[in-house]
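One structure is given here, and the rest of the page talks about it.
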Amino acid sequence: MDKVNITINGKSLSVASDTTVLLAAREAGIDIPSLCYLKDINEIAACRVCVVEADVKGVPMRNLPASCVLAVQEGMNIRTNTPKVRRAVRKNVELILANHNCECLTCLRNGTCELQKLCSELSIEIIPYRGEKRKPVFDDLSHSIVRDSSKCILCGRCISVCRDVQGIGVLDFTNRGFHTEVAPAFDFSMRDVNCTFCGQCIISCPVAALHEKTYLDQVWAAIDDPDKFVIVQTAPAVRASLGEEFGLPVGTPVTGKMVAALRRIGFDRVFDTNFSADLTILEEGTELLNRVKNGGTLPMITSCSPGWIRYCEINYPDFLDNLSTCKSPQQMFGALVKTYYAEKFGIDPDKIVSVSVMPCTSKKTEAKREEMNVDGRADVDIALTTRELGDLIKQARLNFNALPEEEPDSILGEYTGAGVIFGATGGVMEAALRTVADILSGKDLKDIEYQDVRGLGGVKEASVILPIDGVDTEIKVAVAHGTANAAKVLEAVRSGEKNYHFIEVMACPGGCVNGGGQSYVSAKDRLDVNPKINRANALYSEDERQVLRKSHENPEVQKLYADYLIEPNGHLSHKLLHTHYHQRDTYCQE
Amino acid sequence: MDNECKCNCNCNKTEDSRYVDLKAFIDSMSGVDGAAMPILQEAQRIFGYLPLEVQKFISDHTGVPIAELYGITTFYSQFSIEPRGKHHVGVCLGTACYVKGSQKVLDKVSEDLGIRVGETTADGMFTLDATRCLGCCGLAPVMMIDEDVYGKLEDMDAIPGILAKYKR
Amino acid sequence: MKTISELNQYKSDALKSLAVGEGYRVVVGMATCGISAGAKPVMEAFKGKIAEYDLPNVEVVKTGCIGMCVYEPIVEIFAPGKEKVTYIHMDAERAARVVTEHLKWGKPVAEFTVDGGETGQLRNLNDIQFYKKQERIVLRNCGLIDPENIGEYIARDGYQAAALALTSMTREEVIEVVRNSGLRGRGGAGFSTGLKWSFAAPSQADQKYIVCNADEGDPGAFMDRSVLEGDPHAILEAMIIGGYAIGATKGFIYVRAEYPVAVQRLNIAIEQAKEMGLLGKNILNSGFDFEIEIRLGAGAFVCGEETALIASIEGKRGMSRNKPPFPANKGLWGKPTIINNVETLANIPQILLRGSEWFRSFGTEKSPGTKVFALGGKISNTGLVEVPMGITLREVIYDIGGGCPNGKAFKAVQTGGPSGGCITVKDLDTPIDFDNLVAIGSMMGSGGMIVVDEDNCMVDIARFFLDFTVDESCGKCTPCREGTKRMLETLELITAGEAKPEDLDDLAELADNIRLTSLCALGQTAPNPVLSTMKHFRDEYDAHVHDKRCPAGVCQALLNYIILHTCTGCTRCVKKCPVDAISGKVKERHTIDQKKCIKCGACMDACTFKAIIRK
Ligand SMILES: Cc1cc2nc3c(=O)[nH]c(=O)nc-3n(C[C@H](O)[C@H](O)[C@H](O)COP(=O)(O)O)c2cc1C
Ligand code: SF4
Ligand code: SF4
Ligand code: SF4
Ligand code: SF4
Ligand code: SF4
Ligand code: SF4
Ligand code: SF4
Ligand code: SF4
Ligand code: FES
Ligand code: FES
Ligand code: FES
């Protein structure tokens, strides 16, 4: 790597020639404020709070350049802390605030807000302008996402992530000049557009202009109601992020404390979605084998990510038959709680309030889908995000970090390592391969780590030779995370360029560990840690620690089949655990 | 994606000649880089404005997200998402015209038509805009009605007469 | 057309057919402004009447901008061996008389000519002051040739420069000549054109582009329109040369949609050039391919800025992006792209044909050549003038422009449009070039010169410009999007008489921040009109803020209507006042209650004795 010599605040440095002043300064321990910059995703230099003074070859640059996009050059001399720079940063923050709804105390981002933090660092006490503000738009019609334009600072981070990373393009700048806004076309509600509710925009937003719709009040009401039997399930990826809500490093696994906290909050039963992840593997694996054997529609594509499901329903309706008919683990779980569990323990299913904690904002909408019920009872009543659980724990005034480690309740709390890794991209595929390979070979295979499908490559492929009806058959699989990658795979399949048997798709880049409901990691912290990697590692290490690492080995799942469902893809399974999808129109005016 | 429009609206795009024309234009732009702008310009010409249906149609046939199209249409002042009047009155508020009193011209037109800048008369006859320099500064103050340019509008009393010509 | 000799043959044929022979050549100014002043009926009248008389050897052609907007519609009549005759303020009736008397009887109609026959001699535009100080390089064909006829362009050495470059010069040589000429970009920044070309030339990209920036957004500037409407082939030729020099095979002309006539003529020109093989594959057997596509703007001033223009051609919102990377390295679709202004390009063929030394013989050391200015506002001779750099503002405004009309006092001239500043009497003797204008606190910009007189309020002018930038800001970066709006709000307070003294300091501080931290030049220069008027006309600002007074009598809120002692007490005004602010006994002097008055001006209009004044 070529190096160049530069000076920052009098300090001489040798840095990579392809870096920026902001990153070089960070390496040198000098912090430059930033708001719009989201490395590799949004580098549009719009907010102008990262400005510096710079000389190139002894010639001062005319203006104060934005360090986030300023490439270093040999002999560059940069000053980040001059009166001129300090004045400029403060002015630009003041200008942002002058057009901002500065109600921090009643704001969901209070404490996690990047703008608030910057204001606090700058000791801003007054906003010296009293002029007009942008017209506020408040949209909470969807079940997942709230858009509050009065908080938007027009940084464009959500636009870039949705358009460039997710390949969707729900949001864009509209109007121009002072009237610029960030909104869906024609100011439609997020409910009615081609949004998958993946929430990537939410975790990219530095402020509270986009956030999840919260349901904490309903949860407390249920818990406080002695008549209700409130159960909770927690998705695999939640345990890898929840600790961040309490100051733990990104990707600290907190499974036991999480369980303990949920009990103390007052949930009547604390379960684990990992259980139904294992169950999903049996249902989905069986479905796959049936499709392969009986000439069903292939490739089969996973259906556990509601963000992906919506994406497919809106953009690729011709692939609906390829989707596995399995409900997602969240919904499978909910369906069992109000049937199997209720029957088994003699609980009136109408008194059960089924709560889930998910890394996901799309799950909120999934829970409200019409199909997601059994006999008119919603599988899941309330879906919370990891962040909301963090708040719930705080509201219960628990000292999270001091809690003991506890185990989830039986009989829907047992899980294997395969269920755990569901939270990371490739995890579902790996879990499925572990089970399918065992079933087909009739052996207890030891070589169970499928490295090809792990990691952050956009589209990962693997093939395994498995005996199907006695014939060694090459099973080709692909894993895509992020909807843009999913589109690539589908296009390749559609054009006939690629052939697969099985495809795993997760709507979020990195999978659920990086879901839209996970703890916020600020743009700055993302320069040092990659939450996708850290949290996935947390899951893989929990997998390694498990004695049972294959879904079909889960004793409670086995019991479920023995006592209740009889067999995977059987009649009752279909009633409870499977569903259908349909094409969706968007941007329709009623 | 060249799937047919999936929406359930009742406009019949295969029979409406405007959509046929637009589709032909879109087809003629296939392979042209940056075609969104020319396509929107053509659509604006054909329909007179760019309502949701038209933008959806363009999005469906070009793959450009509708949010991006909407972003473009609300950025450039020549696009309109509202229907516009039969006649477009643009009073130049460029510098040369402004220093020569075009604000008064604008006020007068506004008074005569009974609408403010950006609005369309109730009878759908006129839309009034304050435009940027029309490049006829030598004749300032200038007003443009449709393609006709009127210069040297120093006598406010002459304005109703000019407008009257278009009122029929 | 495949060879230079064919081109030359075509040229001599064209020259022959252009030769007026025994008859007359009637040239009607049909640029947008000419048309809007009524040139079409004039043209028709000429044609009709000539047909009626069945006059032989008379040719009627349209031409582009003649340059003297005040005199439009203008018709010039050429005859062999005679001075041309310039008729002004033409209409159909006058045209008919000219046909009868001049073309039929051979007796020019003196009273319709440019000096109204006062001198007793027939004079034409060339004789008047307006033209005497001009030097026409960029506008050499404007007002002379029929822009829709490639033959007329070729007859006047058209495409000779391209032929020279393509067939007997290397790319490096072309760039060298342009660099040596010292030509600086006329789009505003004044960057060396040759140098800019040399940035893109060496890179080994699979595709490069050359773009003609014809967005001409500065209000009050219309030189680019005139060139496009009057001499479109010159731009095509320059783009061929530029494309060849940098190795671009594709050119775009980005024209603002408000210029339909220019677009139409460009389209015609491109078609003609294609037909003749001057655009397309293997031009003049040189092995060089080049094509040109027109893209229309859609009403966004910021799209004149290079990176916003690129975004717009790419089919996106015209939002600027950070530089570097510069377009010469990463432009359209990430490929090396050179963007040049219309007027810059119009110089190129002449420079190649006549050499850099010839070009340097005009203008000043650091700003060689000429500059076209659009004179507008409170100036007698509004129009388009091309003068050598180094001429003083005084010469332009007084000798050429004829000063302010109606005996009003000159106050300032605004150059550089919304990015520029105003220049006052004290700097009128500054020789005009890129650097001098910056030194006196303004800038060249694209060449709009708006003269303001004593009736204009400088605070209001500053407010006007800010209103423009607030409206035209792309909205991407904080200082420009939010800051200009706050500046505008402050100026609105000032012009409404509601500002506090400290607001002026805050305004200056905010202006400074916007200048220093905005992403693109629109924001960086947006505060200029305010800073410049604050510098030169601080007294006017103070009057608004401290005395709540608008010295020029423009700012409505600060005006007072006062009844003078000449009031006869007729009570007419009382009846007109919508808020009953006027009182007084019949036949006695009336008074206005300033607290009630809403400054509607109705009373002033009503008073037949001119006893009410606004102050
Ligand atoms: C806000 C803004 C508007 C501009 N408008 C124009 C314009 O209308 N025409 C133009 O030629 N250059 C315009 N420019 C300058 C161009 O960005 C660019 O510098 C120029 O086209 C380069 O050509 P030149 O080197 O031949 O001058 C504008 C610049 C800014 C910042
Ligand atoms: S978005 Fe941030 S700065 Fe704005 S109100 Fe919320 S916490 Fe405060
Ligand atoms: S910021 Fe301090 S004073 Fe203000 S509400 Fe919070 S705790 Fe109270
Ligand atoms: S939730 Fe996902 S699809 Fe919806 S706007 Fe945000 S990023 Fe785009
Ligand atoms: S919604 Fe959030 S991420 Fe999107 S532009 Fe506004 S502040 Fe930025
Ligand atoms: S990948 Fe996970 S977090 Fe993202 S939408 Fe799908 S289920 Fe939700
Ligand atoms: S300075 Fe103004 S025009 Fe330029 S990028 Fe910023 S907001 Fe846009
Ligand atoms: S200006 Fe209008 S309100 Fe004031 S006194 Fe005259 S008529 Fe009355
Ligand atoms: S109209 Fe004129 S003269 Fe008559 S009362 Fe009013 S001010 Fe006096
Ligand atoms: S401009 Fe650099 S962080 Fe926003
Ligand atoms: S300023 Fe009005 S036409 Fe130019
Ligand atoms: S005569 Fe050409 S601009 Fe007016």
Item to complete: Report yes if residue A:313 is more than 16 Å from residue A:574 (Cβ to Cβ) and assigned to a helix (DSSP H, G or I), otherwise no.
Response: yes
Worksheet item: All but one of (1) assigned to a loop (DSSP other than H, G, I, E, B); (2) more than 16 Å from ligand 10 (Cβ to nearest atom) hold for residue C:462; which doesn't?
Response: (1)
Item to complete: Any chance you could count how many residues in the range A:6-59 are touching a residue at least 60 places away in the same chain (Cβ under 8 Å) and among the polar types (S, T, N, Q)?
Response: 4
Worksheet item: In the range B:58-96, what residues are over 25 Å from residue B:117 (Cα atoms), crowded, with 20+ Cβ neighbours inside 10 Å and either within 11 Å of chain A (Cβ to nearest Cβ) or touching a strand residue (DSSP E or B) at 6+ places or on another chain (Cβ under 6 Å) (or both)?
Response: B:59, B:64, B:65, B:66, B:67, B:68
Response to the item:
Log entry, pairs with first residue in the range C:487-508 being outside any helix (DSSP H, G or I), second being open to solvent by 10 Å² or more (accessible area, probe 1.4 Å), beta carbons closer than 6 Å, six or more apart or on different chains, reads C:496/C:557; C:497/C:548; C:497/C:557; C:497/C:558; C:499/C:493
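Of the residues A:207, A:219, A:161, A:182, which is away from chain B (no Cβ under 14 Å), open to solvent by less than 30 Å² (accessible area, probe 1.4 Å) and not in a loop (DSSP other than H, G, I, E, B)?
Values: A:207 fails: not in a loop (DSSP other than H, G, I, E, B); A:161 fails: away from chain B (no Cβ under 14 Å); A:182 fails: away from chain B (no Cβ under 14 Å).
On inspection, the qualifying residue turns out to be A:219.
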Worksheet item: So which pairs qualify, if the first residue must be in the range A:190-204 and under 17 Å from residue B:65 (Cα atoms) and at pLDDT 95 or above, the second must be open to solvent by less than 20 Å² (accessible area, probe 1.4 Å) and within 16 Å of ligand 8 (Cβ to nearest atom), the Cβ gap must be under 7 Å, and the two must be at least 6 apart or on different chains?
Response: none
Worksheet item: Between residues in the range A:262-282 that are in contact (Cβ under 8 Å) with a residue 24 or more places away in the chain and residues that are of a type in the set (Phe, Trp, Tyr) and part of a strand (DSSP E or B), which pairs lie under 8 Å by C-beta distance while being six or more apart or on different chains?
Response: A:268/A:229; A:269/A:229
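With the condition being within 16 Å of ligand 7 (Cβ to nearest atom), I'd like the helices (runs of 4 or more DSSP H) fully within the range C:527-598 carrying at least 3 qualifying residues.
Working: elements: C:528-536, C:538-546, C:572-576.
Answer list for the range C:527-598: C:528-536.
Can you confirm whether residue A:227 is within 14 Å of chain B (Cβ to nearest Cβ) and open to solvent by 10 Å² or more (accessible area, probe 1.4 Å)? First the steps, then the outcome.
On the way: within 14 Å of chain B (Cβ to nearest Cβ): no; open to solvent by 10 Å² or more (accessible area, probe 1.4 Å): yes.
No; evaluated as a whole, the condition is false for this residue.
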Practice prompt. Identify the residue in the range C:312-328 that is more than 7 Å from every other protein chain (Cβ to nearest Cβ) and surrounded by 23 or more Cβ atoms within 10 Å (Cβ to Cβ) and, among all such residues, is farthest from residue B:59 (Cα to Cα).
Written response: C:327
Fill in: Single residue of C:345, C:353, C:279, C:309 found to be within 14 Å of another protein chain (Cβ to nearest Cβ) and touching a helix residue (DSSP H, G or I) at 6+ places or on another chain (Cβ under 6 Å)
C:309
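Return the residues of the range A:76-88 that are open to solvent by 30 Å² or more (accessible area, probe 1.4 Å) and more than 12 Å from chain C (Cβ to nearest Cβ); say none if nothing qualifies.
A:77, A:79, A:81, A:83
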Discussion item. For the range A:336-388, which positions are surrounded by fewer than 22 Cβ atoms within 10 Å (Cβ to Cβ) and aromatic (Phe, Trp, Tyr)?
Written reply: A:340, A:345
Item to complete: Output the residue which, of all residues in the range A:113-128 that are away from every other protein chain (no Cβ under 14 Å) and open to solvent by 60 Å² or more (accessible area, probe 1.4 Å), is modelled with the lowest pLDDT.
Response: A:125
Discussion item. Within the range A:60-107, take every residue that is of a type in the set (Ser, Thr, Tyr) and closer than 18 Å to residue A:15 by Cβ and give me the one that is nearest to the chain's Cα centre (by Cα).
Written reply: A:67
Item to complete: Those residues that are in contact with a helix residue (DSSP H, G or I) (Cβ under 7 Å, 6 or more places away or on another chain) and either crowded, with 24+ Cβ neighbours inside 10 Å or without any contact (Cβ under 8 Å) to a residue 60 or more places away in the chain (or both), I need them from the range A:491-508; list them, please.
Response: A:498, A:502, A:503, A:504, A:505, A:506, A:507, A:508
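Would you mind listing the strands (runs of 3 or more DSSP E) fully within the range C:27-110 where at least 2 residues are more than 14 Å from chain B (Cβ to nearest Cβ) and more than 26 Å from residue C:222 (Cα to Cα)? Steps first, answer last, please.
Values: elements: C:58-63, C:75-78, C:85-87.
It comes to C:58-63.
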Item to complete: Could you look through the range A:151-186, keep only residues that are among the basic types (Lys, Arg) and within 16 Å of ligand 2 (Cβ to nearest atom), and pick out the one that is farthest from residue A:207 (Cα to Cα)?
Response: A:157
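Of all residues in the range A:358-384, which are among the acidic types (Asp, Glu) and at pLDDT 95 or above? Even if it seems obvious, please write down each step before you answer.
First, the residues of the range A:358-384 that are among the acidic types (Asp, Glu): A:366, A:370-371, A:375, A:379, A:381.
Matches in the range A:358-384: A:366, A:379, A:381.
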Worksheet item: Of all residues in the range C:194-219, which are farther than 28 Å from residue C:61 by Cα and either part of a loop (DSSP other than H, G, I, E, B) or not assigned by TED's automatic domain parsing to the domain that holds residue C:300 (or both)?
Response: C:201, C:202, C:203, C:204, C:205, C:206, C:207, C:208, C:217, C:218, C:219
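From the list B:94, B:161, B:151, which one is over 24 Å from residue C:373 (Cα atoms) and away from ligand 2 (no atom under 16 Å from the Cβ)?
Details: B:94 fails: over 24 Å from residue C:373 (Cα atoms); B:151 fails: over 24 Å from residue C:373 (Cα atoms).
From the options B:94, B:161, B:151, the qualifying one is B:161.
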Worksheet entry | Residues of the range B:97-126 satisfying the condition of being within 14 Å of chain C (Cβ to nearest Cβ) and outside any helix (DSSP H, G or I) | B:100, B:101, B:117, B:118
Item to complete: Inspect all residues belonging to the range C:584-596 and state whether any of them is in contact with a helix residue (DSSP H, G or I) (Cβ under 7 Å, 6 or more places away or on another chain) and in contact (Cβ under 8 Å) with a residue 40 or more places away in the chain.
Response: no
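Farther than 17 Å from residue C:141 by Cβ, out of contact with any Ser or Thr (no Cβ under 9 Å at 6 or more places or on another chain) and not polar (S, T, N, Q): which single residue out of C:292, C:268, C:241 fits that description?
Working: C:268 fails: farther than 17 Å from residue C:141 by Cβ; C:241 fails: farther than 17 Å from residue C:141 by Cβ.
Exactly one of C:292, C:268, C:241 is farther than 17 Å from residue C:141 by Cβ, out of contact with any Ser or Thr (no Cβ under 9 Å at 6 or more places or on another chain) and not polar (S, T, N, Q), namely C:292.
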Item to complete: Check whether at least one residue in the range A:59-75 is crowded, with 17+ Cβ neighbours inside 10 Å, more than 16 Å from ligand 2 (Cβ to nearest atom) and modelled with pLDDT under 95, and report yes or no.
Response: yes
Worksheet entry | residue C:405 vs. criteria open to solvent by 10 Å² or more (accessible area, probe 1.4 Å), away from ligand 8 (no atom under 16 Å from the Cβ) and within 14 Å of chain B (Cβ to nearest Cβ) | yes
Worksheet item: Hey, residue A:562 hits all of (1) in a loop (DSSP other than H, G, I, E, B); (2) open to solvent by 20 Å² or more (accessible area, probe 1.4 Å) but one; which does it fall short on?
Response: (1)
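The values are calculated or read from the model by the stated rules, or taken from the named source; none is laboratory data. What you are looking at is a predicted structure, and each value in this text was computed from that prediction instead of being measured. All Cβ positions, even for glycine, are placed from backbone atoms using ideal geometry, and neighbour counts span all protein chains on display. Quick note on the areas: whole protein, heavy atoms, side chains included, nothing else; ligands and nucleic acids left out. Shrake-Rupley method; radii C 1.70, N 1.55, O 1.52, S 1.80 Å.
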